[in-house]
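One structure below.
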Amino acid sequence: MSRADISSEIGHHTTASSTPIQSLTYLPDEQVLEVVFNSGQSYLYENVPPGIPKLLTDAEAVNRHGGRVHMSVGSLFHHLVKLHPDKYPCYRVVEGVPVPVSPPSPPRRPRLRPRDTIRKLLDQVKR
């Protein structure tokens with residue numbers, strides 16, 4: 001596996017200390033993004049197109065040079081990759097071995113109180 005720089009597609013990219021992400025490495029041939037967090041935990045994301053790592057490094061470059069970005073690199077990563085486990089399967093690297101991370105369960109429907117249920121039924125009957 002050859003490691004490639006996200007910005008020029010040949011190398012490794014380190015982010016600023018203001019983000020929870022310590023470093024990003026993109027493997028373009030495999031379309032795998034490796035993310036190392038400041039905690040030291042490492043994750044691999046599959047099927048990541050080259051445009052996403054490019055957006056992350058562009059946002060980082062703007063932040064480093066005092067420009068204004070609407071989202072931090074961490075927030076951008078969260079919205080573009082982490083919230084889409086169906087598109088980008090995730091693996092946590094444990095002692096050098098990728099272990100699949102199960103996707104989060106869908107949010108539960110709020111539990112209706114009996115009073116709310118009765119009101120809904122009455123509304124349906126009135127129609």
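Here are some notes:
- For the stretch 14-35, the criterion of being at pLDDT below 85, within 22 Å of G96 (Cβ to Cβ) and in a strand (DSSP E or B) is satisfied by at least one residue.
- When restricted to residues that are at pLDDT 70 or above and assigned to a helix (DSSP H, G or I), the stretch 84-118 contains 0.
- Complete set of residues in the stretch 36-46 that are over 14 Å from G74 (Cα atoms) and outside any strand (DSSP E or B): G40, Q41, E46
- Only residues that are modelled with pLDDT under 85 and either more than 17 Å from S39 (Cα to Cα) or assigned to a strand (DSSP E or B) (or both) were counted in the stretch 62-83, giving 11.
The values are calculated or read from the model by the stated rules, or taken from the named source; none is laboratory data. Worth saying up front: this structure is predicted, and the values here are computed from it rather than measured. Cβ atoms come from the backbone with ideal geometry, glycine included; neighbour counts cover every protein chain shown.
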